[in-house]
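Note sheet for the following structure.
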Amino acid sequence: MNINLKPVTKENFEDICDLAVSKAQQEYVAENSWSLLESKYHIGYTTRGIYLDNTPVGFFMWVAETADKISIWRFMVDEQFQNQGIGRVAMVLALHE
């Protein structure tokens, strides 16, 4: 299983926007389209698509709140790809980045 993080660009943003969590999770996770919009108008917002091989399966957004504090504001794995360990690997990759 090859999991990697890729920047969200004009080439892949629609695929990232199409990802979704289950109905039961929707009240806890913002839409990826909203997060991407936020990231374009605020300095220090970093977005990454989570990929399984070349398939987008999730989304990360972290924010540099201060010079010493970075917070994860968005983290989701598409409903179809949950419970496979993808989120755990993606979290480690994000922390290393």
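The values are calculated or read from the model by the stated rules, or taken from the named source; none is laboratory data. For clarity, every value in this text was computed on a predicted model and none was experimentally measured. Virtual Cβ from ideal backbone geometry, glycine too; neighbours counted across all protein chains shown. Keep in mind that these areas ignore ligands, DNA and RNA; they rest on the heavy atoms of the full protein, side chains included. Shrake-Rupley method; radii C 1.70, N 1.55, O 1.52, S 1.80 Å.
Structure notes:
- Two-site label geometry, ASN83 and LEU37: point separation in nm, points 7 Å out along Cα→Cβ: 3.3 nm
- Kirkwood Rh (inverse of mean 1/r, distinct Cα pairs), the chain, angstrom: 13.5 Å
- Cross-link reach list, aspartates and glutamates versus LYS69, counting only Cα pairs under 16 Å and skipping chain neighbours closer than eight places: GLU97
- Taking MET91, MET61, MET1 and ordering them by how much accessible surface each has at a 1.4 Å probe, largest first, produces MET1, MET91, MET61.
- Using alpha-carbon coordinates, inclination of helix 86-96 to the longest axis of the chain, degrees: 30 degrees
- Three-way shape call for the stretch 1-43 based on the alpha-carbon gyration tensor, with the a/c threshold at 1.5: oblate
- Cross-link reach is defined here as a Cα-Cα straight distance under 19 Å, omitting same-chain residues fewer than 8 places apart; for LYS10 the lysines meeting it are LYS40.
- Dividing the mean sequence gap of close Cα pairs (under 8 Å, 6+ apart) by how many residues the chain holds gives a relative contact order of 31 percent.
- Inter-site label distance for ILE70 and PHE13 at 7 Å from Cα along Cβ, in nm: 2.2 nm
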